[in-house]
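Heads up: the structure comes next, in C-alpha cells.
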Amino acid sequence: MRKLITALILISTIPVLGQNHIVGVKGGINWTNVNSSSFISNNDSRTGFNGGLSYEYGLNNKFNLGMDLLYFQNGVTNDIIFTDEIGNPTGESVTNEFNYDYLSLPLKCGFVIGDKISGFANLGIIPSLLVDAKTISQAIEGFVEETTINVTDRVTKFDLGGLVEIGANYKVAPDLLLSATFGYRHSFTSITNENYLSNAEVRHYGMVLSVGLKYVLKKE
C-alpha cells in the first residue's frame, strides 16, 4: 500500500508536455459516521466542513489525475437518554460528539466528458493525518456541565481510505470552471489502538458535497 501511495504521488507531480494543469479551491459539507461492531450504537452522523486546494493533470481530453489538499472533519454523534429507576425516559438527554479532524490528501484518477458543461467520475485513495480529536458531552442545566476531552494524542494518527466521486463542471470563461462534486469515502484503517478503544475496530465513512472554482493553466 505504501508503494501505491508513493507511485500515485510521483505520477501526479510529473509534468508532461502538451497537457492541461488545472488548479482550484473547493469547499463544502460532509456527513460522516463510523462503522464498528463494538463501538457506541444508535449513532447519528456528524455534519462537518471540508475545504482546501485542488489540482488536476489532464492526460488527454478524457482522462486525468488529481490531487487535493483538504481540511476534513470526520466524526459521529450519540444521544444518551436518561431514565428513572424503573427504566422510563425522564425527558432529559445528553449528546456526545466524537470529532476527528484530518488533513487529507486525496489521490485520484478519472475521466471527464463534455466541454461547456462536462461530467466527471473519479476513483482514488485518501491518506490523512489526524489534526485534532475531541469528545464533547453537552450540558444539561442543573445536572451536568459541558465537558470536552482532547484525545488527539490517543487516536491513531494516520488514516487511509477509499474514494468514489462524481460531479460536473460549467465553463464560465475559457480558462475558468465552476465545479460541483458528490462523493463517498470509507476508511480502510481503524482509528483505534492499544491506547484508544482497544477492544474496537472503528472506521470512518461518509458522504461529501463540495463546490469549487478551477483555473486552467495554459498548455505547455
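Pairs spanning more than 27 Å between alpha-carbon atoms, out of Lys108/Lys134; Lys108/Lys214; Lys157/Lys214: Lys108/Lys134; Lys157/Lys214. Shown in residue order for region 111-120 are the 3J(HN,Hα) couplings computed by the Karplus curve 6.51 cos²θ - 1.76 cosθ + 1.60 at θ = phi - 60°: 10, 9, 10, x, 10, 4, 10, 10, x, 8 Hz (x for Gly and Pro).
Please compute the per residue accessible area over region 40-128 with all protein chains in place, 1.4 Å probe, rounded to a whole number of Å².
50
Placing pseudo-labels 7 Å out from each Cα toward the beta carbon at Phe182 and Leu59 gives an inter-label distance of 2.6 nm.
Take region 181-220 with all the other protein chains still there, run a 1.4 Å probe, and you get 58 Å² of accessible area per residue. Cross-link candidates for Lys171: which aspartates and glutamates have Cα within less than 18 Å, leaving aside residues fewer than 8 places away along the same chain? Result set, ordered by chain and number: Glu56, Asp115. Neighbours of Ala139, meaning other residues whose beta-carbon lies under 12 angstrom from its beta-carbon, give a summed charge of -4 when Lys and Arg score +1 and Asp and Glu score -1.
Measuring nothing but protein heavy atoms, the accessible surface of region 19-134 at 1.4 Å probe radius is 59 percent carbon and sulfur.
Quick one, can you get me the convex hull of the C-alpha atoms of region 65-220 expressed as volume per residue in Å³?
Values: hull volume 25.9 nm³, N = 156.
Given the Cα convex hull of region 65-220, per-residue volume reads 166 Å³.
Using a probe of 1.4 Å, the accessible surface attributed to Arg154 totals some 110 Å² when neighbouring protein chains are kept in position.
On the beta carbon distance between Val23 and Ile80, with R0 = 45 Å, the FRET formula returns roughly 0.50.
Counted residue by residue at 0.36 nm each, then reduced by the alpha carbon distance between them, the extension gain from Thr148 to Trp31 reaches 40.0 nm.
The values are calculated or read from the model by the stated rules, or taken from the named source; none is laboratory data. Computed from a predicted model, the values in this text were never measured in an experiment. Glycine also receives a Cβ, built like all others from the backbone with ideal geometry; neighbour counts cover every protein chain displayed. Areas reflect the complete protein model, heavy atoms only, side chains present, ligands, DNA and RNA absent. Shrake-Rupley method; radii C 1.70, N 1.55, O 1.52, S 1.80 Å.
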